[in-house]
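Worksheet: one structure, shown below.
The values are calculated or read from the model by the stated rules, or taken from the named source; none is laboratory data. This is a predicted model, so every value here is computed, not measured. Cβ placement follows ideal geometry from the backbone for every residue including glycine, while neighbour counts extend to all protein chains displayed. Side chains are part of the model used for accessible areas, which takes the heavy atoms of the whole protein and leaves out ligands, DNA and RNA. Shrake-Rupley method; radii C 1.70, N 1.55, O 1.52, S 1.80 Å.
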Amino acid sequence: MLTIWMGWTPMVYISDYNLVKTAFTAKDNALMGRVRSGFALAQIGKHQDILQTDYGSVWASLRRVSHSAVRKVAVSEKLHELVADVVDSSAHTMKKTHPLGAPFDPKCYLYHSVMAILASTAFGKRYQLDDKELAFYGESLEFMQSRTSLLAAIDRIPLLRLIPIFLYSKLKKF
């Protein structure tokens with residue numbers, strides 16, 4: 001077990017399976033809490049979601065609802081059909097776009113396929129791989145991912161907000 005201080009926030013790392021199991025099965029364990037961060041507060045709100053709520057009765061209720069919803073989608077025949085359709089469409093697009101045997105980077109196809117499946121499941125609308133709305137979701141996700149690590153560092157070490165001052169003010173705009 002190891003504690004690393006990220007600014008003023010302790011981060012506990014546990015690398016032994018039995019110790020992890022013991023740590024997270026205890027009833028009143030401080031390790032089950034969530035880090036309070038300005039970054040998460042700005043993104044999500046007042047920690048009232050499944051990811052940011054501390055372990056307790058509210059978290060347990062949110063987990064039950066989330067688990068039930070995911071289970072319904074996972075056992076649905078529609079999910080199987082959606083995944084098969086998106087994979088077929090993606091494979092067809094790859095064959096059409098790139099000559100057989102020529103090397104290419106499949107990252108964008110895989111990324112768009114996963115985004116199409118997630119967006120279709122979340123929003124109840126079928127998206128084609130070249131859909132502009134799906135592209136917007138992907139661009140928004142990439143935008144957030146490209147700024148997350150820097151914002152998390154600024155959140156953990158508030159002094160970074162001052163060095164250099166223009167960096168924080170630019171990030172604050174997004």
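Computed quantities for the displayed model
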read-out	value
Unmet requirement for residue 91, which otherwise passes all of (1) modelled with pLDDT of 80 or more; (2) surrounded by 14 or more Cβ atoms within 10 Å (Cβ to Cβ)	(2)
Residues within segment 21-51 that are surrounded by 10 or more Cβ atoms within 10 Å (Cβ to Cβ) and at pLDDT 75 or above, tallied	4
Segment 120-174, subset of a type in the set (S, T, N, Q) and part of a helix (DSSP H, G or I), residue modelled with the lowest pLDDT	169
Residue under evaluation residue 96, criteria (1) within 27 Å of residue 66 (Cα to Cα); (2) open to solvent by 50 Å² or more (accessible area, probe 1.4 Å), criterion not met	(1)
Matching residues in segment 52-81 - criterion: being assigned to a helix (DSSP H, G or I), farther than 18 Å from residue 126 by Cα and either in contact with a Ser or Thr (Cβ under 7 Å, 6 or more places away or on another chain) or open to solvent by less than 50 Å² (accessible area, probe 1.4 Å) (or both)	59, 60, 62, 66, 68
Selection status of residue 84, assigned to a helix (DSSP H, G or I), surrounded by fewer than 14 Cβ atoms within 10 Å (Cβ to Cβ) and either modelled with pLDDT of 80 or more or within 18 Å of the chain's Cα centre (by Cα) (or both)	yes
The lone exception for residue 148 - which of (1) exposed (fewer than 14 other Cβ atoms within 10 Å of the Cβ); (2) β-branched (Val, Ile, Thr); (3) in contact with a helix residue (DSSP H, G or I) (Cβ under 6 Å, 6 or more places away or on another chain) it fails	(3)
